1. Restricting attention to the range 112-132, which residues are assigned to a loop (DSSP other than H, G, I, E, B), open to solvent by 20 Å² or more (accessible area, probe 1.4 Å) and either in contact with a Phe, Trp or Tyr (Cβ under 6 Å, 6 or more places away or on another chain) or not basic (Lys, Arg) (or both)?
2. Can you run down the residue pairs with Cβ atoms below 6 Å, 6 or more apart or on separate chains, where the first is in the range 9-33 and more than 18 Å from Asp73 (Cβ to Cβ) and the partner is loosely packed, with under 13 Cβ neighbours inside 10 Å?
3. I need a count of the residues in the range 78-91 that are in a helix (DSSP H, G or I) and open to solvent by 10 Å² or more (accessible area, probe 1.4 Å).
4. Being in contact with an Asp or Glu (Cβ under 7 Å, 6 or more places away or on another chain) and open to solvent by 10 Å² or more (accessible area, probe 1.4 Å): is that true of Leu57 here?
5. Take the residues of the range 57-75 that are within 23 Å of Met29 (Cα to Cα) and of a type in the set (A, V, I, L, M, F, W, C): which is modelled with the lowest pLDDT?
6. Would you mind stating whether Tyr75 is within 30 Å of Gln126 (Cβ to Cβ), open to solvent by less than 20 Å² (accessible area, probe 1.4 Å) and of a type in the set (Ser, Thr, Tyr)?
7. When you go through (1) at negative phi; (2) open to solvent by 40 Å² or more (accessible area, probe 1.4 Å) one by one for Asn66, which number turns out not to apply?
Amino acid sequence: MYSLNDLTTIAKEVIAKAEHKTLLFRGEMGVGKTTLIKEICNTLGIKDRVSSPTFSLVNEYHTTRNEVVFHFDFYRITNEEEALDMGIEEYLYQNNWCLIEWPENIENLLPLDAVQIHLSVLKNGQRNIQLT
C-alpha cells in the first residue's frame, strides 16, 4: 500500500531496479501510472513538464545529467504494427529510459528484462504497487 507521500521513495526504488532502463506500467485507467511516472521523471532530474503522450504516443525529456527519457502511452494503439511504424524498436534498444504505459498493447515487442510495475486500487481506496 502506498500514498502520495510515498511516491519519492517508490520512484527511487523503481529506478534502482531498472538495470536496463525500461519500465512497464500496468494497471487500470486512473490507477496512478502517470502520477508515478511524473515522480520518476522528477527523481531522474527532469525539469520539463511531464504529461501523458496519449495522442502523440511518445514524449521525450532530458535530465539534468544529459540522459534521455522517453515516455510512451500505447492506450490508443490498435495493433503492434502501429508501434513498429513509429520505430519502437529503435527507442527500446538505445539504452535510454523508456517509461511505457499500456505495454500490454505491444506485448510481443517488449524486452524480456523490462521492470514490470503493476498498480492497482484496493477496495478500501488505497493504492498498491508490485515490482517484478
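The values are calculated or read from the model by the stated rules, or taken from the named source; none is laboratory data. Model, not experiment: these values are computed from the prediction. We place every Cβ from the backbone using ideal geometry, glycine too, and count neighbours over all the protein chains shown. What goes into the accessible areas is simple: the full protein's heavy atoms, side chains included, and nothing from ligands, DNA or RNA. Shrake-Rupley method; radii C 1.70, N 1.55, O 1.52, S 1.80 Å.
1. If the condition is that a residue be assigned to a loop (DSSP other than H, G, I, E, B), open to solvent by 20 Å² or more (accessible area, probe 1.4 Å) and either in contact with a Phe, Trp or Tyr (Cβ under 6 Å, 6 or more places away or on another chain) or not basic (Lys, Arg) (or both), then Leu112, Asp113, Leu122, Asn124, Gly125, Gln126, Thr132 are the ones that fit.
2. Partner pairs satisfying both residue conditions: His20/Asp113.
3. Number of matching residues: 8.
4. It is true that Leu57 is in contact with an Asp or Glu (Cβ under 7 Å, 6 or more places away or on another chain) and open to solvent by 10 Å² or more (accessible area, probe 1.4 Å).
5. Leu57
6. No; evaluated as a whole, the condition is false for this residue.
7. Checking Asn66 against (1) at negative phi; (2) open to solvent by 40 Å² or more (accessible area, probe 1.4 Å), the one that fails is (1).
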